[in-house]
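The structure appears right after this line, and notes come after that.
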Amino acid sequence: MRSYAEVDFIWINRDQLHFEWFVSLLTRLEREQEIDGGLGHILDMHMYMTSALPKTDMKGLILQLALDIIHETERTDLITGLQTRTQTGRPDFDVLFQRIQANAKGRVTVFFCGSPVLGKTVKHYTHKYGFTFRHETF
């Protein structure tokens, strides 16, 4: 029996268009995890879109409630088409990393690729939770 590392894939984009180039591969990975004898459950995705209206705005709240209802009934996210629900705004790294830490089955390494400003934030939280931080600068 093969042993796989578990992966929490966190993807933060400004708008819906930036998800499109990679979503077909992520869709295939989601489907493969559901097939008996497939990959098994090795990938948890956390998707965030920062340009959407926040839940503190009335229009944003109504939009989020509608998206939640559709996701619950259809099991599909309208923003990406994935089964994984896209959240609005930036992630709460304390909540997210606490969950990752609680479910970890060993050492956690965070691989970051993105803007240097966000990288500093992610690096801060990885050190706070005792994770190893690796990054790619572009």
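When only residues in segment 112-122 that are more than 13 Å from the chain's Cα centre (by Cα) and not hydroxyl-bearing (Ser, Thr, Tyr) count, which is surrounded by the fewest Cβ atoms within 10 Å (Cβ to Cβ)? Restricting to residues being more than 13 Å from the chain's Cα centre (by Cα) and not hydroxyl-bearing (Ser, Thr, Tyr), the top hit is VAL117. Could you please let me know if LEU82 is more than 16 Å from ARG14 (Cβ to Cβ), in a loop (DSSP other than H, G, I, E, B) and not polar (S, T, N, Q)? Against the criterion (more than 16 Å from ARG14 (Cβ to Cβ), in a loop (DSSP other than H, G, I, E, B) and not polar (S, T, N, Q)), LEU82 qualifies. Does THR73 satisfy the criteria of being farther than 16 Å from VAL7 by Cβ, assigned to a helix (DSSP H, G or I) and touching a residue at least 12 places away in the same chain (Cβ under 8 Å)? Here the answer is no, as THR73 does not meet what is asked. Any residue that is surrounded by 12 or more Cβ atoms within 10 Å (Cβ to Cβ), in a strand (DSSP E or B) and of a type in the set (S, T, N, Q) - is there at least one of those in segment 89-99? Checked segment 89-99: no residue is surrounded by 12 or more Cβ atoms within 10 Å (Cβ to Cβ), in a strand (DSSP E or B) and of a type in the set (S, T, N, Q). Restricting attention to segment 40-70, the residues that are assigned to a helix (DSSP H, G or I) and in contact with a strand residue (DSSP E or B) (Cβ under 9 Å, 6 or more places away or on another chain) add up to 4.
Residues considered: HIS41, HIS135. Of these, the only one that is free of Cβ contacts under 8 Å to residues at least 60 places away in the same chain, surrounded by 12 or more Cβ atoms within 10 Å (Cβ to Cβ) and within 16 Å of PHE9 (Cα to Cα) is HIS135.
Taking the numbered list (1) in contact with an Asp or Glu (Cβ under 6 Å, 6 or more places away or on another chain); (2) assigned by TED's automatic domain parsing to the domain that holds ARG31; (3) not aliphatic (A, V, I, L, M) in turn, GLU72 passes all entries but (1).
In the set (1) among the hydrophobic types (A, V, I, L, M, F, W, C); (2) free of Cβ contacts under 8 Å to residues at least 24 places away in the same chain; (3) closer than 20 Å to GLU6 by Cα, ILE62 fails one condition alone, (3). Of all residues in segment 69-81, at least one satisfies being modelled with pLDDT under 90 and touching a Lys or Arg at 6+ places or on another chain (Cβ under 8 Å).
Taken together, THR121, THR88 contain a single residue that is without any contact (Cβ under 8 Å) to a residue 40 or more places away in the chain and under 29 Å from GLY60 (Cα atoms), which is THR121.
The values are calculated or read from the model by the stated rules, or taken from the named source; none is laboratory data. These figures come from a predicted structure and were not determined experimentally. As a convention, Cβ positions derive from the backbone with ideal geometry for all residues, glycine included, and neighbour counts pool all protein chains shown.
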